[in-house]
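Peer 1: One structure, pasted below without further comment.
The values are calculated or read from the model by the stated rules, or taken from the named source; none is laboratory data. Everything quoted here is computed from the prediction, not taken from an experiment. Every residue, glycine among them, receives a Cβ derived from its backbone with ideal geometry; neighbour counts consider all protein chains shown.
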Amino acid sequence: MIKTFLNLPRYQKRIISVASDVCMLFLSIWAAFALRLEQHLWVPNQDQVIAAAITVVFTVAVFIRLGLYRAVIRFLGDKAFLTIIYGVVLSSFSLMILGYLLQVFIPRSVPVIYGALAFLFVSGTRLAVRIIVNHPRQRAKEAVAIVGTGETGMQLASALQQGTEYRPVMFVSLLRSNHKAMINGLPVASIEHIAKHTQKHGVRRILLALDADSKVDRKDLLKRLEPLTIPVQTVPSMSELVAGQARINDIRDLDIADLLGRDPVRPDTALVSDSLYQKAVMVTGAGGSIGSELCRQILRYQPRVLVLFEQSEFCLYAIERELRSINQIEGLGVALHPVLGSVAHRRRCELVMRTFDIQTVYHAAAYKHVPLVEHNVIEGVQNNVFGTWHAAEAAVATGVERFVLISTDKAVRPTNVMGASKRLAELVLQGLAQRQSGTVFSMVRFGNVLGSSGSVVPLFRDQIRDGGPITVTHPDIIRYFMTIPEASQLVLQAGSMGSGGEVFVLDMGEPVKIADLARKMIHLMGLDEKTTDNPEGAIEVVFSGLRPGEKLFEELLIGDDPQGTAHPRIMMAREVFMHWPEVEATLDKLMRASQSFDCKAVVEVLRAAPTGYAPNSDVADLVWCAGSGALLETVKEGNVRRLPV
């Protein structure tokens, strides 16, 4: 019967609503007289019937005028009830006036009693229909608990009640004083009693809806939620809602910042703005994880020109399309120039910088995946070392004011080719900073970036969704972590602070144990870890062993005497450096080894330089290990034409 009613055409539903209101209004008038006259079987006279009929017709006309019959009953809101109040008040006055004009006996208290009864009957019928229609739909939805009783939590509860997937059954407050209170018709439980109440209300999912300005220790909060083995998800931030990038009911997995469990580094926006506003800026590797986020943040500082320099056609297309959309929607007026090219080609870099009169370069182009670079030694060195050198020399030749290198914590006492190549890239820039003074070179060193290509978080998430197992290289392996926006903010900040040759390092707090991160993700996605003590668990953590060039512990500083900066969370490393003649000699040896495709010689050059490189395995280059010795001898004898590097 309910489905039949719901499937009726709209005009038929409105006719039924009008007929129901007519009956309820007549009933209200009769009940008002009966109560006032204390006659249970009161019968109106002809004049009273006429006055009542005119009142009812007038009231229905007012309801039509106010749009009451356009409201969908199953989604009835506060505005509809206000409309009923306005209509009933006017109806009461009309009954009073009709009694005076028609000289009908209507006691003065009857219109008041009638108004109260009319509101109860008219609104009550609609509320009853809404409950009857929505109850089966509500019961079919998944029960969720909302953590947060602020504005974001209220908006989320309202949106979910109107939606089709989730049914809020309780709020979780971080204040003990709110325990056992009621908000918006839902019970509130404090975080201390969450286990008991989630079980009581059959909660199947927990949604974080914390206000942006709330002073909540997210790390402690997740620690309390983790033992529940109930999926924990979050809603978009207020900035995303304001920007129209998401809706309040767009439920998604926990933000990477939540898993990180610490406050992100905040840049000095005034200082960064001074170095970017109305400047010509170029980002190399603009389509990569860090490069693309750099471009997004730089764009909002409104540079005059933003050049996107990228080797991958698809990545360049994707970031250019995104930035053009932001540029147009927000009216930033930035001239965007997507340029295909490799940083290993010095002439291309120099031509681009000169053409667009570049003032600041953010050098994010690099091969950064440790195992891949370990298996492709020559290409890794070409891109990371010579690419940085050529781009830097092009910057010097064209009078670029600032050149900022995005480095890595793996450059500190490296055990792999990737880290050694990035450390040598730092030494190249430090040598150039001494050789000349026209271009200010600085480097920014940070840990692993969560959410980037190759990051463990999306990998673990996919493995969990596939049913496991989660693969971790070693039970004791630890890493420093930061988010992509945070890393990009640090790079912009350092680019504004550098005066020449500095290596900036972020105070990243405590490193994270990868195995613990994996287990936390398992629990926060509502699953159990499969162990010998818990063979019925859903997801197993498997240790695959360290890969070539990988080490257990990463560091951010070589020395133990970092120097503070104007930013409280940014340090400046004091480390060994090379004078330019030494750098040049090292680069010459490295170039000759690369041109000969001699991976072993490349590794020896990296070890001989003051990079601190101490490989923990033999050369793992795939081509070299596959038996390229004969080819190497042929190249050395000159039987194969050498290509320019």
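Peer 1: For residues that are more than 20 Å from SER273 (Cβ to Cβ), polar (S, T, N, Q) and not in a loop (DSSP other than H, G, I, E, B), tally how many sit in the range 304-340. Lay out the reasoning, then the answer.
Peer 2: Of the range 304-340, the ones more than 20 Å from SER273 (Cβ to Cβ) are 308-322, 324-325, 328-329, 337-340.
From the residues that got through so far, the ones that are polar (S, T, N, Q) too are 311-312, 325, 328.
Within this subset, residues satisfying the condition of being not in a loop (DSSP other than H, G, I, E, B) are 325, 328.
Final tally of qualifying residues: 2.
Peer 1: If you go through the range 359-372 one residue at a time, do you hit one that is over 29 Å from VAL456 (Cβ atoms) and of a type in the set (Val, Ile, Thr)? Quick ask: steps written out before the conclusion?
Peer 2: Going through the range 359-372, the residues over 29 Å from VAL456 (Cβ atoms) turn out to be 359-361.
Cutting the leftovers down to of a type in the set (Val, Ile, Thr) gives us 360-361.
Yes, because at least one residue in the range 359-372 is over 29 Å from VAL456 (Cβ atoms) and of a type in the set (Val, Ile, Thr).
Peer 1: Something else: Do the conditions hold for ARG347, that is, is it more than 25 Å from LEU427 (Cβ to Cβ), surrounded by fewer than 24 Cβ atoms within 10 Å (Cβ to Cβ) and assigned by TED's automatic domain parsing to the domain that holds VAL281?
Peer 2: On the way: more than 25 Å from LEU427 (Cβ to Cβ): no; surrounded by fewer than 24 Cβ atoms within 10 Å (Cβ to Cβ): yes; assigned by TED's automatic domain parsing to the domain that holds VAL281: yes.
Here the answer is no, as ARG347 does not meet what is asked.
Peer 1: If you don't mind, another one. Name the single residue, out of those in the range 162-188 being hydrophobic (A, V, I, L, M, F, W, C) and at pLDDT below 85, that is nearest to LEU225 (Cα to Cα). Even if it seems obvious, please write down each step before you answer.
Peer 2: First, the residues of the range 162-188 that are hydrophobic (A, V, I, L, M, F, W, C): 169-172, 174-175, 181-183, 186, 188.
Applying the additional criterion that residues be at pLDDT below 85 yields 174-175, 181-183, 186.
Working: LEU174: 12, LEU175: 16, ALA181: 21, MET182: 22, ILE183: 21, LEU186: 20 Å.
Residue satisfying both the conditions and the ranking: LEU174.
Peer 1: Oh, and also: Write out, first by first residue and then by second, each pair whose Cβ atoms fall under 9 Å of each other, whose residues are 6+ apart or on separate chains, and whose first residue, in the range 577-590, is under 12 Å from VAL385 (Cα atoms) and modelled with pLDDT of 90 or more while the second is of a type outside the set (A, V, I, L, M, F, W, C) and surrounded by fewer than 17 Cβ atoms within 10 Å (Cβ to Cβ).
Peer 2: VAL583/ARG435
Peer 1: Report, by residue number, each residue of the range 571-623 that is part of a loop (DSSP other than H, G, I, E, B) and more than 28 Å from LEU490 (Cβ to Cβ). Reasoning before the result, please.
Peer 2: Residues of the range 571-623 part of a loop (DSSP other than H, G, I, E, B): 574-579, 596-598, 609-621.
Across the range 571-623, the qualifying residues are HIS579, SER596, PHE597, ASP598, PRO615, ASN616, SER617, ASP618, VAL619, ALA620, ASP621.
Peer 1: Ok, one more. Evaluate the range 485-507: report whether one residue or more is assigned to a helix (DSSP H, G or I), farther than 15 Å from VAL444 by Cβ, at pLDDT 75 or above and in contact with a His (Cβ under 9 Å, 6 or more places away or on another chain). Lay out the reasoning, then the answer.
Peer 2: First, the residues of the range 485-507 that are assigned to a helix (DSSP H, G or I): 485-497.
Still in the list and also farther than 15 Å from VAL444 by Cβ: none.
No - not one qualifying residue is present in the range 485-507.
Peer 1: Mind checking which pairs have a first residue in the range 274-303 that is in a loop (DSSP other than H, G, I, E, B) and a second that is of a type in the set (S, T, N, Q) and surrounded by 20 or more Cβ atoms within 10 Å (Cβ to Cβ), Cβ under 7 Å, 6 or more apart or different chains?
Peer 2: Pairs that qualify, where the first residue is in a loop (DSSP other than H, G, I, E, B) and the partner is of a type in the set (S, T, N, Q) and surrounded by 20 or more Cβ atoms within 10 Å (Cβ to Cβ), are LYS279/GLN359; LYS279/THR360; ALA286/SER292.
Peer 1: Let me ask something additional. Which residue pairs have Cβ atoms closer than 9 Å, lie 6 or more positions apart in sequence or on different chains, and pair a first residue in the range 219-241 that is outside the structural domain of LEU208 (by TED's automatic domain parsing) and of a type outside the set (S, T, N, Q) with a second residue that is at pLDDT 80 or above and assigned to a helix (DSSP H, G or I)?
Peer 2: Close Cβ pairs satisfying both conditions: none exist.
Peer 1: Here is a further query. If we keep just the residues of the range 196-252 that are among the basic types (Lys, Arg) and in a loop (DSSP other than H, G, I, E, B), which is modelled with the highest pLDDT?
Peer 2: So in the range 196-252, the residues among the basic types (Lys, Arg) come out as 196, 200, 204-205, 215, 218-219, 223-224, 247, 252.
From what is left, the residues that are in a loop (DSSP other than H, G, I, E, B) are 204, 215, 247.
On the way: ARG204: 85, LYS215: 69, ARG247: 57.
Filtering the range 196-252 for residues that are among the basic types (Lys, Arg) and in a loop (DSSP other than H, G, I, E, B), the one modelled with the highest pLDDT comes out as ARG204.
Peer 1: Let me ask something else. Inside the range 184-195, can you point out the residues that are assigned to a helix (DSSP H, G or I) and under 11 Å from MET170 (Cβ atoms)?
Peer 2: Residues of the range 184-195 that are assigned to a helix (DSSP H, G or I), as a first pass: 191-195.
Result: HIS193, ILE194.
Peer 1: What's the number of the condition GLN563 fails, among (1) closer than 17 Å to LYS422 by Cα; (2) among the polar types (S, T, N, Q); (3) at pLDDT below 65?
Peer 2: (1)
Peer 1: On to the next question. Report, by residue number, each residue of the range 28-42 that is outside any loop (DSSP other than H, G, I, E, B) and either touching a helix residue (DSSP H, G or I) at 6+ places or on another chain (Cβ under 9 Å) or in contact (Cβ under 8 Å) with a residue 12 or more places away in the chain (or both).
Peer 2: Within the range 28-42, SER28, ILE29, TRP30, ALA31, ALA32, PHE33, LEU35, ARG36, LEU37 meet the criteria.
Peer 1: Can you report the number of residues in the range 286-328 which are of a type outside the set (Ser, Thr, Tyr), surrounded by fewer than 16 Cβ atoms within 10 Å (Cβ to Cβ) and more than 20 Å from the chain's Cα centre (by Cα)?
Peer 2: Number of matching residues: 4.
Peer 1: Within the range 180-192, how many residues turn out to be more than 17 Å from VAL232 (Cα to Cα) and either in contact with a Gly (Cβ under 8 Å, 6 or more places away or on another chain) or surrounded by 15 or more Cβ atoms within 10 Å (Cβ to Cβ) (or both)?
Peer 2: Adding up the residues that qualify gives 5.
Peer 1: Does MET418 count as more than 22 Å from ILE477 (Cβ to Cβ), buried (at least 24 other Cβ atoms within 10 Å of the Cβ) and in contact with a Leu (Cβ under 9 Å, 6 or more places away or on another chain)?
Peer 2: For MET418, the condition - more than 22 Å from ILE477 (Cβ to Cβ), buried (at least 24 other Cβ atoms within 10 Å of the Cβ) and in contact with a Leu (Cβ under 9 Å, 6 or more places away or on another chain) - is not met.
Peer 1: For ALA80, state whether it is surrounded by 13 or more Cβ atoms within 10 Å (Cβ to Cβ) and either out of contact with any Asp or Glu (no Cβ under 9 Å at 6 or more places or on another chain) or closer than 30 Å to ASN184 by Cα (or both). Break it down stepwise before answering.
Peer 2: On the way: surrounded by 13 or more Cβ atoms within 10 Å (Cβ to Cβ): yes; either out of contact with any Asp or Glu (no Cβ under 9 Å at 6 or more places or on another chain) or closer than 30 Å to ASN184 by Cα (or both): yes.
Yes, satisfied.
Peer 1: Of all the residues that make up the range 95-104, how many are part of a loop (DSSP other than H, G, I, E, B) and in contact (Cβ under 8 Å) with a residue 60 or more places away in the chain? I'd like the intermediate steps shown before the answer.
Peer 2: Step one: filter the range 95-104 for residues part of a loop (DSSP other than H, G, I, E, B), giving 102-104.
If we keep only those that are in contact (Cβ under 8 Å) with a residue 60 or more places away in the chain too, we end up with none.
Counting residues in the range 95-104 that are part of a loop (DSSP other than H, G, I, E, B) and in contact (Cβ under 8 Å) with a residue 60 or more places away in the chain gives 0.
Peer 1: Give the residue that is modelled with the lowest pLDDT, with candidates limited to residues of the range 321-352 that are closer than 19 Å to ALA364 by Cα and among the acidic types (Asp, Glu).
Peer 2: GLU322
Peer 1: Has the range 20-31 got at least one residue that is modelled with pLDDT under 85, closer than 20 Å to LEU127 by Cβ and not polar (S, T, N, Q)?
Peer 2: Yes - at least one qualifying residue is present in the range 20-31.
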